[in-house]
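Undergrad: Here it is, the structure, as structure tokens.
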Amino acid sequence: MKWITLRRIVQFGLLLLFLAPVMGFTLVLGTLISASVLGIVLADPLAGLEILSASKSIYLPLVIAVILMIAFSAILGRVYCGWVCPINTTLELVDKHRPANSKTFSRSIKYKILIIVLLLSLLTSLPVYELINPAGILIRNIFFGFGPEFSIVMGIVAFELFISKRGWCRYFCPQGATYSLIGRFSPVRVRLSDVECKECHNCEQKCPMGIPVSDFLAKGKEISDKECTRCGECIDACKAKALYIGWGRKY
Ligand code: SF4
Ligand code: SF4
């Protein structure tokens with residue numbers, strides 16, 4: 001099975017699971033910010049940090065829920081972006097309608113935005129990013145009807161179509177920045193197998209995150225870039241079948 005097929009099953013399967021409580025199925029209860037999955041409560045690390053900063057207090061169940069999600073992401077890397085986030089799913093669906101040219105920005109912008117978000121949460125006593133988090137807005141609007149806040153999602157889609165390929169995720173999203181930092185040392189990475197690489201660079205051309213895949217593989221036989229979402233697009237694109245996602249670091 002191709003990685004893209006598996007990912008679509010997970011992306012849309014999770015959306016259905018979030019909707020399922022309406023029909024009496026309660027495997028997943030909650031939202032993308034905090035959800036009980038088979039009775040285990042997980043919380044988005046950025047949302048959790050915002051809430052803890054805003055409330056200036058420690059709520060132990062929230063801390064545990066955040067730590068569990070941090071542990072998950074520390075092992076699997078920025079997998080939330082590639083496999084769960086509905087904004088990424090939406091941008092992938094409009095991808096083929098965008099022109100080839102794409103404006104680039106500094107990737108460090110999103111880390112600066114992350115610091116600003118946490119400082120503002122502390123100063124205003126509000127989880128500021130959660131008020132405008134496009135992933136939350138998208139889910140809310142799909143489930144409960146479309147409102148003015150949906151213009152934020154439309155703006156991101158327009159930015160994707162007319163200005164920058166995966167621009168929001170690569171350069172601006174503080175949630176993606178959080179997962180990049182947490183997954184920095186994830187042992188689960190795209191790696192080069194013993195099959196000979198034909199140096200066609202298909203993998204690099206396909207990478208939605210603009211990662212210099214060939215350079216990483218030439219240097220270390222693995223993609224150690226913290227921006228990698230483990231989407232598997234590079235693996236699907238490799239006709240020589242020289243790439244795989246594997247565990248552990250090789251030196
Ligand atoms: S970078 Fe942000 S919007 Fe993009 S997939 Fe990750 S969490 Fe979602
Ligand atoms: S390097 Fe491969 S797995 Fe990582 S984001 Fe790019 S295409 Fe996806």
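The values are calculated or read from the model by the stated rules, or taken from the named source; none is laboratory data. Computed from a prediction, not measured in an experiment: that's the story for all the values here. Counting neighbours? That spans all protein chains shown, and the Cβs are built from the backbone with ideal geometry, glycine included.
Undergrad: Quick test for you: out of Ser57, Ser36, Ser53, pick the one residue that is in a loop (DSSP other than H, G, I, E, B), small (Gly, Ala, Ser) and assigned by TED's automatic domain parsing to the domain that holds Ile116. Before the answer, list the steps.
TA: On the way: Ser36 fails: in a loop (DSSP other than H, G, I, E, B); Ser53 fails: in a loop (DSSP other than H, G, I, E, B).
The match here is Ser57.
Undergrad: A follow-up question, please. Among (1) away from ligand 1 (no atom under 16 Å from the Cβ); (2) out of contact with any helix residue (DSSP H, G or I) (no Cβ under 7 Å at 6 or more places or on another chain); (3) at pLDDT 95 or above, where does Ser53 come up short?
TA: The number of the failed condition is (2).
Conditions (1) touching a residue at least 60 places away in the same chain (Cβ under 8 Å); (2) away from ligand 2 (no atom under 15 Å from the Cβ), marked per residue:
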| site | (1), (2) |
| --- | --- |
| Pro174 | yes, yes |
| Gly183 | yes, no |
| Glu196 | no, yes |
| Asp215 | no, no |
| Ala218 | no, no |
| Cys228 | yes, no |
| Ile235 | yes, no |
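Undergrad: Has the range 63-73 got at least one residue that is over 20 Å from the mean Cα position of the chain (by Cα) and modelled with pLDDT of 95 or more? Write out each step before concluding.
TA: Initially, the range 63-73 is screened for residues over 20 Å from the mean Cα position of the chain (by Cα), giving 63-64.
Subsequent filtering for residues that are modelled with pLDDT of 95 or more retains 63-64.
The answer is yes; a qualifying residue exists.
Undergrad: Checking Ile152 against (1) in contact with an Asp or Glu (Cβ under 9 Å, 6 or more places away or on another chain); (2) in a helix (DSSP H, G or I); (3) under 20 Å from Thr90 (Cα atoms): exactly one of these is not met. Which one?
TA: (1)
Undergrad: Taking the range 214-237 as the region of interest, how many residues are more than 16 Å from ligand 1 (Cβ to nearest atom) and at pLDDT 95 or above?
TA: Final tally of qualifying residues: 4.
Undergrad: May I ask you to list the residues in the range 198-213 that are more than 10 Å from ligand 2 (Cβ to nearest atom) and basic (Lys, Arg)?
TA: Correct list: Lys198 only.
Undergrad: Among Arg230, Arg184, Arg140, which is the only one that is assigned to a loop (DSSP other than H, G, I, E, B), surrounded by fewer than 20 Cβ atoms within 10 Å (Cβ to Cβ) and not β-branched (Val, Ile, Thr)?
TA: After applying the criteria, what remains is Arg184.
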